[in-house]
Amino acid sequence: MSESDTMHVESRVVQGMHAPDERTGGVMPPIQASTTYARDEHYALINSAHSYTRDQNPTYETAESMLAALEAAADARLFASGMAAATAVFRVLNPGDHVVAPAVMYWGLREWLVEFCERWGLALTLFDASVPNALRDALREDQTRLVWIESPTNPTWDVIDIAAAADVAHQVGALLAVDSTVATPVHTQPLTLGADIVMHSATKALNGHSDVLAGALACRDAESQYWQHILRERGEGGAVPGPFEAWLLQRGMRTLFVRVQRASDNAMRLATALNHHPAIEGVDYPGLPDHPGHAIASRQMQNGFGNMLSLRVHGGAEAALRVVGELQVFIRATSLGGVESLVEHRASIEGPSSPIPDNLLRLSVGIERFEDLLQDLVQALDALEGQR
Ligand code: PLP
């Protein structure tokens, strides 16, 4: 057994799977920009793993092997974006199949899913993740093919019990797919809890530097028909990243654990410090003991509770927007999981159809010094209190 086999996954990921470039000894892998691959005089591929980059590219493979190790997956594949990865899972369903998903989830996917199900002839049930047994009640024996969940759920951070969801989904013959973008493999490994597919917007914490658009899927059974269909959907649909994006992603993933743990510590400390501020109606964070999902999160999340939290401000949308306007350290921008802290008024982004309370501010907590983040939020909330 080599030394690398006994290393912890987090150490192997730091070293890009302990795999120096075979040709040059380079500690970092090269970027393989080629779209096509040569054949010998008998027209056989010189390297049978690579023929054309829409199917597979060597530079994808470093990031894919890192993600497969992190998720304890049989296989993992990169996509051009989180949406490209997520939509591939739905595109392999057949008209007439029934799909179940939470009513509150990443809004871009929810909007796409509602329209896609109508056009594609899929039956869709959206369930309220905060109501016990709502998922079980939404399932249809022999018709539900896919249960899609997200945990924690963006942006209210409801926690869905993945093991229980896998159990009920499998009882009716459905697969369970989990959008684990927010939890990251640092906090949760859905496949080990019984899920069949894990999806990531690698644009977020996996890359961590707000400079790559990418997505990924990982699976428990690489031989299964659904995974083979997904691979065809990726190759034929062409929803793959460029080699440079894949290379940047493997570089970002090397620091995943230190980034995510620091951001998660900052988020926990901010949630605790702000929970009783007079300008705050409530803090939504699964790490807080009064959060409805805290007990499940304590079982299903390790190394903390993630970098995402929401503040509900007294005084509705106007007060929330005033707080946002006072912030000096948090950057007003959408997205999440980067090293820099971002703030977002979700209702403004999602528009009138949004189910999100209009006093909710979503924070993507980064890895800055905690004191700078706390001071920024406290001065903005105090300014609001002073104006009342
Ligand atoms: N899932 C979650 C939880 C997200 O937050 C996002 C993007 O914000 C996506 C999926 C979609 O990912 P991408 O923007 O990489 O397509």
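Just to confirm my filter: which helices (runs of 4 or more DSSP H) fall fully inside the range 304-388 and include at least 2 residues that are open to solvent by 10 Å² or more (accessible area, probe 1.4 Å) and more than 30 Å from VAL186 (Cβ to Cβ)?
Values: elements: 316-326, 346-350, 370-387.
By residue number, 316-326, 370-387.
Can you pull out every residue in the range 269-303 that is in a loop (DSSP other than H, G, I, E, B), closer than 22 Å to VAL186 by Cβ, in contact with a helix residue (DSSP H, G or I) (Cβ under 8 Å, 6 or more places away or on another chain) and open to solvent by 10 Å² or more (accessible area, probe 1.4 Å)?
From the range 269-303, those in a loop (DSSP other than H, G, I, E, B) are 275-279, 285-293, 301-303; that's our starting set.
Of the ones still in play, those that are also closer than 22 Å to VAL186 by Cβ are 285-289, 291, 293, 301-303.
Filter once more, so that each one left must be in contact with a helix residue (DSSP H, G or I) (Cβ under 8 Å, 6 or more places away or on another chain): 285-288, 291, 301-303.
HIS291, MET301, GLN302, ASN303, listed by residue number.
Hey, which of the helices (runs of 4 or more DSSP H) in the range 1-111, taking only ones fully inside, have at least 1 residues that are touching a strand residue (DSSP E or B) at 6+ places or on another chain (Cβ under 9 Å) and within 16 Å of the ligand (Cβ to nearest atom)? Show your work before the answer.
On the way: elements: 3-6, 9-14, 58-70, 82-91.
So the answer is 58-70, 82-91.
Just give me the residues in the range 285-316 being basic (Lys, Arg) and closer than 18 Å to SER341 by Cα, in sequence order.
Of the range 285-316, the ones basic (Lys, Arg) are 299, 312.
The answer is ARG312, and nothing else.
Hey, VAL114 hits all of (1) in a helix (DSSP H, G or I); (2) β-branched (Val, Ile, Thr); (3) within 15 Å of the ligand (Cβ to nearest atom) but one; which does it fall short on?
The one condition VAL114 does not meet is (3).
Which of the residues spanning the range 152-193 are in contact with a Phe, Trp or Tyr (Cβ under 9 Å, 6 or more places away or on another chain), among the aliphatic types (A, V, I, L, M) and outside any loop (DSSP other than H, G, I, E, B)?
LEU175, LEU176, ALA177, VAL178, VAL186 - these are the residues of the range 152-193 that are in contact with a Phe, Trp or Tyr (Cβ under 9 Å, 6 or more places away or on another chain), among the aliphatic types (A, V, I, L, M) and outside any loop (DSSP other than H, G, I, E, B).
Within the range 238-260, track down each residue that is assigned to a helix (DSSP H, G or I) and open to solvent by less than 60 Å² (accessible area, probe 1.4 Å). Reasoning before the result, please.
Narrowing the range 238-260 to residues assigned to a helix (DSSP H, G or I): 243-253, 256-260.
Once the filter is applied, which keeps residues that are assigned to a helix (DSSP H, G or I) and open to solvent by less than 60 Å² (accessible area, probe 1.4 Å), the range 238-260 yields PRO243, ALA246, TRP247, LEU248, LEU249, GLN250, GLY252, MET253, LEU256, PHE257, ARG259, VAL260.
Would you please name the residue that is most open to solvent (accessible area, probe 1.4 Å), looking only at residues in the range 148-172 that are within 23 Å of ALA88 (Cα to Cα) and out of contact with any helix residue (DSSP H, G or I) (no Cβ under 9 Å at 6 or more places or on another chain)?
Residue satisfying both the conditions and the ranking: HIS170.
The values are calculated or read from the model by the stated rules, or taken from the named source; none is laboratory data. From a predicted model like this one, the values you see are computed outputs, not experimental measurements. Note that each Cβ is placed from the backbone with ideal geometry, even for glycine, and that neighbours are counted across all protein chains shown. For the accessible areas, the whole protein counts, side chains as well, though only heavy atoms, and no ligand, DNA or RNA atoms are used. Shrake-Rupley method; radii C 1.70, N 1.55, O 1.52, S 1.80 Å.
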